[in-house]
Structure formats: C-alpha cells, structure tokens
1. Counting only residues that are out of contact with any strand residue (DSSP E or B) (no Cβ under 7 Å at 6 or more places or on another chain) and open to solvent by 40 Å² or more (accessible area, probe 1.4 Å), which one in the range 127-158 is nearest to THR3 (Cα to Cα)?
2. In the range 19-63, which residues are surrounded by 20 or more Cβ atoms within 10 Å (Cβ to Cβ) and part of a strand (DSSP E or B)?
3. When you scan the range 235-244, do you find a residue that is under 30 Å from ASP369 (Cβ atoms), charged (D, E, K, R) and out of contact with any Gly (no Cβ under 8 Å at 6 or more places or on another chain), even just one?
4. Identify all residues within the range 377-409 that are closer than 20 Å to VAL482 by Cα and exposed (fewer than 15 other Cβ atoms within 10 Å of the Cβ); write none if there are none.
5. Give me a count of the residues in the range 190-211 that are assigned to a loop (DSSP other than H, G, I, E, B) and within 26 Å of TYR254 (Cβ to Cβ).
6. Could you please give the count of residues in the range 404-444 that are outside any loop (DSSP other than H, G, I, E, B) and either touching a strand residue (DSSP E or B) at 6+ places or on another chain (Cβ under 6 Å) or under 14 Å from LEU492 (Cβ atoms) (or both)?
7. Answer with yes or no whether PHE101 is modelled with pLDDT under 65, open to solvent by 40 Å² or more (accessible area, probe 1.4 Å) and within 16 Å of ligand 2 (Cβ to nearest atom).
8. With the requirement that a residue be open to solvent by less than 60 Å² (accessible area, probe 1.4 Å) and within 13 Å of ILE585 (Cα to Cα), what does the range 506-524 give you?
Amino acid sequence: MSTGKINVSVENIFPLIKKFLYSDHEIFLRELISNATDATLKLKHLSSIGESKVEYGNPIIEVKVDKEGKKLHIIDQGLGMTAEEVEKYINQVAFSGAEEFLNKYEDGAKDAGIIGHFGLGFYSAFMVAEKVEIITKSHKDEPAAHWTCDGSPEFTLEASDKSERGTEIILHIAEDSTEFLEEKRITELLTKYNKFMPVPIKFGTKTETLPKPEGAKEEDPAPTQEVDNIINNPTPAWTKQPADLEEADYKSFYRELYPMQFEEPLFNIHLNVDYPFNLTGILYFPKLGQDMNVQKDRIQLYQNQVFVTDNVEGIVPDFLTMLRGVIDSPDIPLNVSRSYLQADGAVKKISGYITRKVADKLKSLFTNDREDFEKKWNDIKVVIEYGMLSEEKFFEKADKFALYPTVDDTYLTWEELETKIKDSQTDKDDKLVVLYASDKDAQHAYIQSAKDKGYEVLLLDSPIVSHLIQKIETTKENVSFVRVDGDHIDNLIKKEETQISKLSDEDKETLKTVITEAIADSSYTVQMEAMDSNAAPFIITQPEFMRRMKEMQKSGGGGGMFGMGAMPDMYNLVVNANHELVSEILNTKTAKKKERLIKQSFDLAKLSQNLLKGEELTNFINRSYGMIK
Ligand code: ADP
Ligand code: MG
C-alpha cells in the first residue's frame, strides 16, 4: 500500500467544492456516468483498431444503491486504469481540472448561469460523499488498483483482487446527502441526465411478463422473468440519419422526450451538420396558437448525448425557444457565462444555422403543400412573426412564405396581396394602404363598408401584430397599414376626388361647437367631414398611431417611452356633414331637441363600437323609449 498527498495549492479543496456548487450537487452522478461512458467508448475504439486484445462484448454501466452501507456504486466495463494511470488521471489531471474550475469560479463567474454545468468531473463526487473509492482493472494485463480518499488531500493506493475489466466507483454518502441513497431520487437523476446516453445503464431489475406458453389455460398466470432495468435509450432518434427515420419515429421520439405531453407536434426539423461545427438534433413545432407563455416542455441541450440544460437562451435564437426538441453539440462551450456565450463565434454560427434550417423547412412546407401550410398557419404564426421581427435574415426568407389571412379566410403571401390590392388600394400619394381588422365581429360594420368599396381586409390577430406592422412599414417602401375602424373608409384610403360639402364652413364650425358641448366628453375630438350621404352620420374612430402605440406597450417594447399605457383612450367623433340627420341637427330650433338628437346619434355610434356601457347605456335605452312613444 502506498499513501500520498495530492498536489494542490488550495489546502483543502473539498469544502470549497461543496460550498461553491451547493445548488448543483446532483450533477455528480452525471459526471461519474459520463466518465464510465467515456471509458466504455474508448475501449470500443481501441478494440476496433486492434489496440486492445480484450473482447468488447456488450458492456453496460450499473448503478447500485446500498442503503444500509450508505454507499452508491457506479460500475463500468470500460478500459479501466492501471495504478500509474490512477496516479496520473485522478491525482493529477482530475485534480488540476477541479482546481482550475474553482479558480474560475472565484474570478467572479459565480453568477454566470451556465457555468457549473460542466468542468468539475470526477471530483464532483465529493459534493455528496465523505469518502470515495476507486477499484479499477485495466484492459491491459496489469493488476487491479484500489484508491481511497476521504476528502482531504491525502489518499491511499493499493493493489486489489478485482478480476473483471473496468472501474467501480464507490461513494460513501455523507450525512447531509442521504437523499442520494433513495432509489426514487437516483431514478429521477438518471432520467433527467442520462436518458439518452450511448451505453446502456442498469439500475436494478424489473419484472417482465412473457407470452403464455402453447396450451396454457385461461386462468394460468402469464409467466414472468426478472430482467435488467435499463433506464436509457442509447440510440435516440437524433443520432440517426434522417433517411433512416419515418414520420412515426419522429413522433414516438417526441413522446419519449416529453412523456407528459399529449398533443402531437405539427412537424419537425432534423438538424445535422459536422462542418464548421458539430451539431445534431431534432426540433419540433408544437401547436402554439396565441399562447406566447414560456412552456415547461422546452428544447433540451445535450453534449454527446449527456443532458446539460433545458435553458437554451443564448444558443438558440430567441424566437425559436418556443419550439421543442433536442440539440446536441460538443462545440458549445459550457463552462462560460451566458453573455460570453452570446458573443462566441461558434455559438453565433450555430444560431445562424438553426435559423436558416428552420426557414428552409418552412419554405419547403409552403411550397410542397400550401393547403396544409395554410391549415397550420394559425398555430405557427407566432414563431414566424416573432422571427421576422427579431432576425433580419429570417425576415428576408419568411417574406416568401409568411401568410396574411383575409377576413374571408383566404391566405395571401405579401406578393399576392400586393398584386391584388395595388390598383384599388393605392391612395392619392401613391401609398399602398393595407386594411386590416383584429376582430371580425367587433369591427363588422367597418369591414362591411370596406368590402362595399371592393377593398380587401386582412384579419391580423396575433399578439405582436402591431410590432410586425411597424416592421413591414419600415422595411417595405410606401406601405401603410390601417385598421378598418381607424377612420371612415374614405379617409383611410384617400383618393383624388373630394366630396363636396353640403354645409358651409361657417355651419360646420357652429355644429362642431354645439356637438362638442352636447357630448361633454373630453376623450372625444369632434371632426367635421364631408362624406357620402349614405355613410353613417356619426362615426367613432381611434387614430391608428395612438392605438398601435398602446398595443405595442401592452405587448412590451415599442411605444413604452411615450407613456401611452397610462393615458386614457382617445377617440375621434367623425360627423358626416353631408348626412341628412346632421343638417337636421343644425336646423333644429329648440335647444333641448337638438341636444337629444346629438346624444342619441352619439350613443348609436358608441354602441357600434361596443363603447356604450353602464349608466350611459341605461340612459340611452330610456331616451330611445321616449322617442318611439
Ligand atoms: P474528464 O472526464 O473531463 O477527463 P474527470 O475529472 O471526469 O475529467 O476524469 C479525469 C480522468 O480520470 C479521465 O480523463 C479518465 O482518464 C479518468 N477516469 C475517470 N473515471 C474513469 C473511469 N470510470 N474509467 C476509466 N478512467 C476514468
Ligand atoms: Mg469526466
């Protein structure tokens, strides 16, 4: 037996490990299973190139809990270590890795988010164990070694009689970590971190029901047998070639990934690239509808099939974090902070690649089956619109397949829309005016009057639509969007010919004063307009700019700086100077009757905008009864 002192500058590294990584204690198991997996795959490689004489066979990794002995065992059948290798890899390499890690931590990177996911390796065992043993036999013909360390820099190294190839790590679980002696807790960790690792992992056994033998009686119980309980799928779908997978395989992998998710994904995107970086994965478009809330089933990030995190912020462009699925890349540096990650060249390339793949997939869905794409539109538009807003490159691509639904349920691309409305909806200043509604029922009357003019009305109802409109207006030339209820239709798209006013300017001024006094509501600005005599006498509109700013503030960003949110709603009361009723108001002699006519017309206008409520509504009803009596 030999003893020694691990060569570190920090007198006692273990309390530090515990302290710094307190919240991440559970990663020890992932680290140890990763090492066991590495050792197994290394042996596979060596035997495949003829550098190891041992029979590779079908090695597994076993995790065992010994509750009474307060021990946790991790056993592999990998390449093992000789005594010299233990000296070198455990005492020197692993320790310097741990030390380097802690130095980084002390350099103020503690709040760095992703840091802590990787980097500590073997010594993370001491976060939960008061003593660790390694019993290992190399695939080379050399005696087995037994290393023991109790958490101080002193260790012992002696010979062992272990005869099978591989390594067994024994953790003597510390008093404050006994949760890791609970089978349930270990199962939880194994499913979280190791579900898709490439070497089969056994945790206990389970009972399997076998088919009944020929001629068995109805009442005979089916035979059973105890089999290894393998917790992982070593060859998950994303590690396979797209050509080897059917639609059903993608769907069943989705199930595997999110066992609690019962909704089917809409479609998937298989990522597979090895230059200039390595990345594989499968992304799924879930049904999103209007829901922009962060969901719990998120994209999972793996590194060589080891789960790292389901917070992919900084790696995947923001607008795609609403998708689901898996990304696996050894090229994402995980021991750095998120802000560093976002500036990292490789990560930027990865994010660009993912964006491009998603855009290409959407384009091909659109081209190959337009009808189906239209059906899915409402469920995917949030992602696409958000992407168009936030990524210039995506905007350019999406411009070819983004759809603009009309109130009559036809779906137009921008180009189709432009062609369709160019002649009828270009105003006198050569601006293309796009009319839209956000609610078919509430804006029914306005939609109707636009249609009567032969105009096309879009139905844009996603939560970020005001931002998107703003974006389109600034990107494309000479385009403006107006909501159908923004003004009287003749004012929304101003054409050359102006209506001749039946009233003189003087009459209009008089009327304006009378009406303003009668309605006595400062949130309305009275506006006299000469319109078609068949148009309504009073129309309430909300200026496009004002409404959009308010909406943008509600959904974040945009007009926030104007403090619009705190402002009351402002409306225009457009009075049609050419309507008969308006002339009647002007000519009515008795003040009382005049006021009644104004109030009644105003209330009717409010009613059609769904603005008449409470006491005002009661007054309106009573007044109406009075008028029909
Ligand atoms: P890393 O895995 O990043 O190299 P670790 O601290 O996890 O760092 O492990 C240090 C070294 O110890 C490994 O590189 C490997 O050589 C050796 N090692 C650890 N666990 C095993 C094992 N189960 N079988 C063989 N070698 C191992
Ligand atoms: Mg390791």
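1. Going through the range 127-158, the residues out of contact with any strand residue (DSSP E or B) (no Cβ under 7 Å at 6 or more places or on another chain) turn out to be 127, 138-142, 152.
Pick out the ones that are also open to solvent by 40 Å² or more (accessible area, probe 1.4 Å) and you get 140-142.
Numbers: LYS140: 24, ASP141: 24, GLU142: 20 Å.
So, considering only residues that are out of contact with any strand residue (DSSP E or B) (no Cβ under 7 Å at 6 or more places or on another chain) and open to solvent by 40 Å² or more (accessible area, probe 1.4 Å), the one nearest to THR3 (Cα to Cα) is GLU142.
2. Scanning the range 19-63 gives ILE61, VAL63.
3. Initially, the range 235-244 is screened for residues under 30 Å from ASP369 (Cβ atoms), giving 236-244.
If we keep only those that are charged (D, E, K, R) as well, we get 240, 244.
The next check asks that each one be out of contact with any Gly (no Cβ under 8 Å at 6 or more places or on another chain); those that pass are 240, 244.
Taking every residue of the range 235-244 in turn, at least one turns out to be under 30 Å from ASP369 (Cβ atoms), charged (D, E, K, R) and out of contact with any Gly (no Cβ under 8 Å at 6 or more places or on another chain).
4. Within the range 377-409, ASP408, ASP409 qualify.
5. Narrowing the range 190-211 to residues assigned to a loop (DSSP other than H, G, I, E, B): 194-200, 210-211.
So of that shortlist, the ones also within 26 Å of TYR254 (Cβ to Cβ) come out as 194-200.
Adding up the residues that qualify gives 7.
6. Our first condition is that a residue be outside any loop (DSSP other than H, G, I, E, B); within the range 404-444, this holds for 404-406, 411-412, 414-421, 426, 432-437, 444.
Cutting the leftovers down to either touching a strand residue (DSSP E or B) at 6+ places or on another chain (Cβ under 6 Å) or under 14 Å from LEU492 (Cβ atoms) (or both) gives us 404-406, 411-412, 417, 421, 426, 432-437.
Going through the range 404-444 one residue at a time, the tally reaches 14.
7. Values: modelled with pLDDT under 65: yes; open to solvent by 40 Å² or more (accessible area, probe 1.4 Å): no; within 16 Å of ligand 2 (Cβ to nearest atom): yes.
Spelling it out, it is not the case that PHE101 is modelled with pLDDT under 65, open to solvent by 40 Å² or more (accessible area, probe 1.4 Å) and within 16 Å of ligand 2 (Cβ to nearest atom).
8. Keep residues of the range 506-524 that are open to solvent by less than 60 Å² (accessible area, probe 1.4 Å), which gives 507-508, 511, 514-515, 518-519, 521, 523-524.
Of everything in the range 506-524, those that are open to solvent by less than 60 Å² (accessible area, probe 1.4 Å) and within 13 Å of ILE585 (Cα to Cα) turn out to be ASP507, LYS508, LEU511, VAL514, ILE515, ALA518.
The values are calculated or read from the model by the stated rules, or taken from the named source; none is laboratory data. Since the structure is predicted, the reported quantities are computational estimates derived from the model, not experimental observations. A quick note on method: Cβ atoms are made from the backbone with ideal geometry, for glycine too, and the neighbour counts reach across all protein chains shown. Note: areas computed on protein heavy atoms with side chains; ligands, DNA, RNA excluded. Shrake-Rupley method; radii C 1.70, N 1.55, O 1.52, S 1.80 Å.
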